[in-house]
Amino acid sequence: MAVVPLGPASVVAAVTLAVVGTDLLWSARLGLVSVLGLQPVSAGRFYGQGNVGFGIVLGSYLVLAAAVIGPGPRPSGTDGTGPAAAATGGGRFAATRKDDVGSAAARRDGVRAAAARPDGGRPGTARSDGSRRAAAVVLALGAAAVVLNAAPQAGADFGGVPALVVATGLMALAALRVRWSVGVLALLGLAGLGVAATVMLLDWTRGPGRRTHLGDFVQRVLDGTALEVVTRKLEQSLGILLAYPLSWLAVLALVLLAVAVRRRPGWAAALWRHEGMYRALVAGVVTMVLGWVLNDSGIAVVALALTVLLAGALSLLGVGVDPDDLAGRAGPPDPAGGTGEDLQLVPGAVAPGRAGKGASAAVDPRRHG
């Protein structure tokens, strides 16, 4: 029975998002006076989504989006149905049958069957359709999370909106196999700020008696007192690091994650070869920094998002990745798109161009430089 990478983790993430989303629609009662939730004694927030809840949502969304994107495109011929498979007699084990009497007939039949398919045997057609479906699911999940986080009647959170918009955009582009760039990241950041500003303006139009703190901030901007609020929140964010030394552990974990996704050590090769999880980790570093900067107690966002995201990564390391999904792929996916340059094979895979009698190209994944 085949093991689905990120299967259990994606179920946990989906249930978490459903529970937290439902709670937001019911005045966020589960978030108050809970182990990791808001405490009335601190008087930080009595409604909506706090930074702890947002961190859980951000991490869960990234894990679920990684599962939707999956380990990456299956190379043509690895399942014995594509044109490349037909050309070799059906799949990556064709080399062991190259001397069979019927191999020539099998190749001819495979080519004819591929040509008779509606897409003409081109695997890119099905792959593009799958990418578009995955991108649509990722966008739908992200849009729902943004609405619940931003709406004054639900999350009423400003700092989480830009981070969620950026996370949604990056993961949707990853699903479509579109390259990331600094310009794309800047555009997504501006879009996130635009969405947050729009929500604040709409909340402000509801009038003084019905506004949340989102609309109140707009009024402070008009009154010229908004800088006081920004200064107070910045002092609070920095003060947490001084008052609670253990919060530095979250900073250290974030730095180590950033180093890991940059260097891609061999002991975590399964993470770098799973395109969805690798992109989720990179997007997680970016969005956790945004969530930290834009919230008064943003280090809580980092701590909780890391907890959920790293739990998903550990589950993938424990399961590994199906060799059939990655045999013959190039090295770990480039965070800006593409798949790298160095050939990376999982243990037991047959190296392209080296298939033959007794060929077993088990390449050490740590060779990637």
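The values are calculated or read from the model by the stated rules, or taken from the named source; none is laboratory data. The shown structure was predicted, so the numbers you read here are calculated from the model rather than taken from an experiment. Neighbour counts are summed over all protein chains in view; Cβ atoms, including those assigned to glycine, are modelled from backbone coordinates with ideal geometry. Calculation scope for accessible area: heavy atoms of the full protein, side chains included, ligands and nucleic acids excluded. Shrake-Rupley method; radii C 1.70, N 1.55, O 1.52, S 1.80 Å.
Hey, any hits in region 158-173 for a residue that's at pLDDT below 90, assigned to a helix (DSSP H, G or I) and polar (S, T, N, Q)? Within region 158-173 (the criterion being at pLDDT below 90, assigned to a helix (DSSP H, G or I) and polar (S, T, N, Q)), the answer is no, since none of the residues qualifies. Tell me the residue from 183, 169, 159, 189 that is surrounded by fewer than 24 Cβ atoms within 10 Å (Cβ to Cβ) and under 15 Å from the mean Cα position of the chain (by Cα), please. Testing whether each residue is surrounded by fewer than 24 Cβ atoms within 10 Å (Cβ to Cβ) and under 15 Å from the mean Cα position of the chain (by Cα) leaves just 169. Among residues of region 262-279 that are assigned to a helix (DSSP H, G or I), those with a Cβ under 6 angstrom from a residue that is surrounded by 13 or more Cβ atoms within 10 Å (Cβ to Cβ) and charged (D, E, K, R), sequence gap 6+ or separate chain, pair up as 272/264. In region 249-256 there is at least one residue that is of a type outside the set (Asp, Glu), in contact with a helix residue (DSSP H, G or I) (Cβ under 9 Å, 6 or more places away or on another chain), open to solvent by 30 Å² or more (accessible area, probe 1.4 Å) and farther than 20 Å from residue 46 by Cβ.
Tally the residues that are among the polar types (S, T, N, Q) and in contact (Cβ under 8 Å) with a residue 60 or more places away in the chain, restricting the search to region 215-256.
From region 215-256, those among the polar types (S, T, N, Q) are 219, 225, 231, 236-237, 247; that's our starting set.
Now narrow it down to the ones that are in contact (Cβ under 8 Å) with a residue 60 or more places away in the chain: 236-237.
Residues flagged as among the polar types (S, T, N, Q) and in contact (Cβ under 8 Å) with a residue 60 or more places away in the chain within region 215-256 amount to 2.
For region 228-249, does any single residue satisfy the condition of being in contact with a Leu (Cβ under 8 Å, 6 or more places away or on another chain), in a helix (DSSP H, G or I) and of a type outside the set (Gly, Ala, Ser)?
Step one: filter region 228-249 for residues in contact with a Leu (Cβ under 8 Å, 6 or more places away or on another chain), giving 247-248.
Applying the additional criterion that residues be in a helix (DSSP H, G or I) yields 247-248.
Still in the running and of a type outside the set (Gly, Ala, Ser): 248.
Yes, that holds for at least one residue.
Against the test of being at pLDDT 80 or above, open to solvent by 20 Å² or more (accessible area, probe 1.4 Å) and more than 13 Å from residue 163 (Cα to Cα), the options 273, 279 yield a single qualifying residue, 273.
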